[in-house]
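Let me begin by presenting the structure, written as structure tokens, before commenting on it.
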Amino acid sequence: MCRTLAAFPTSCLERAKEFKTRLGIFLHKSELGSDTGSVGKFEWGSKHSKEGKNFSEDVLGWKESFDLLLSSKNGVAAFHAFLKTEFSEENLEFWLACEEFKKLRSATKLGSRAHRIFEEFICSEAPKEVNIDHETRELTRTNLQAATAVCFDAAQWKVRALMEKDSYPRFLKSPAYRDLATQATAASASPSSSSPAEPLHT
């Protein structure tokens, strides 16, 4: 969320510009088709670029539902860049940590990882403390006494709901995402075009 300027002197306008810069850099990383990160190598609409077409469809899917955004590796990266400009990236990082936690099969690893996640995100004064109510925090603390793959479910659901209701709509309305969606729409409408995407202006 946008905190007080006393705590964070950077203005909201400057944070918006920072997001566009972050997203511009993100767009040209190797996983999006540019080995060197230089602007202009990623071809959105080329009929020879399957990755370009898939990425355009991916971008447009992010606005369809929060689930589609979270299921997309590129969507998560873009959303994380946006959350960093709002100083609330801990919410997504906690959600991702919970998703990875659920994949663990070793009881020993579950126990040790659960305590690390709790200390990093849940306990009072945690370095990346997420915004959950006291009841959920204490329930999670109790669950840690016999850690299972679902011991963070209540807290994860609360944080996910907060992101979906609060941060996600602002992400979709951000100039950077709207620029990205416009380029994706143009690429989808002109599959024979081989022009590279214009870099985001900051």
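The values are calculated or read from the model by the stated rules, or taken from the named source; none is laboratory data. It should be emphasised that the depicted structure is a prediction, and the values quoted were computed from it without experimental measurement. Here the Cβ is made from the backbone with ideal geometry for all residues, glycine too, and neighbour counts use every protein chain on show. Just the protein is used for accessible areas: all its heavy atoms, side chains included, with ligands, DNA and RNA removed. Shrake-Rupley method; radii C 1.70, N 1.55, O 1.52, S 1.80 Å.
Let's see how each residue does on (1) outside any helix (DSSP H, G or I); (2) under 26 Å from Glu57 (Cβ atoms); (3) small (Gly, Ala, Ser):
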| residue | (1), (2), (3) |
| --- | --- |
| Leu92 | no, yes, no |
| Leu96 | no, yes, no |
| Phe118 | no, no, no |
| Glu125 | yes, no, no |
| Asn131 | yes, no, no |
| Asp166 | no, no, no |
Selection from the stretch 83-134 of residues that are open to solvent by less than 20 Å² (accessible area, probe 1.4 Å) and of a type in the set (Ser, Thr, Tyr): Thr85, Ser88
Single residue of Ala186, Ala147, Ala181, Ala126 found to be modelled with pLDDT of 95 or more and among the hydrophobic types (A, V, I, L, M, F, W, C): Ala126
Residues of the stretch 160-174 that turn out to be of a type outside the set (A, V, I, L, M, F, W, C) and open to solvent by less than 40 Å² (accessible area, probe 1.4 Å), as a count: 3
Subset tally (residues that are open to solvent by 50 Å² or more (accessible area, probe 1.4 Å) and assigned to a helix (DSSP H, G or I)) for the stretch 144-159: 5
Selection within the stretch 71-82 - part of a loop (DSSP other than H, G, I, E, B) and either open to solvent by 30 Å² or more (accessible area, probe 1.4 Å) or hydrophobic (A, V, I, L, M, F, W, C) (or both): Ser71
Selection count, the stretch 50-61, where residues are out of contact with any helix residue (DSSP H, G or I) (no Cβ under 9 Å at 6 or more places or on another chain) and modelled with pLDDT under 55: 1
Residue tally, condition under 10 Å from the mean Cα position of the chain (by Cα), in contact (Cβ under 8 Å) with a residue 24 or more places away in the chain and over 16 Å from Leu162 (Cβ atoms), over the stretch 73-103: 6
Tabulated pairs, the stretch 161-172, first farther than 17 Å from Ala81 by Cβ and touching a residue at least 60 places away in the same chain (Cβ under 8 Å), second in a helix (DSSP H, G or I) and hydrophobic (A, V, I, L, M, F, W, C), C-beta under 8 angstrom, 6+ apart or interchain: Glu164/Phe66
Which listed residue is in contact (Cβ under 8 Å) with a residue 24 or more places away in the chain and assigned to a helix (DSSP H, G or I), from Leu60, Leu68: Leu60
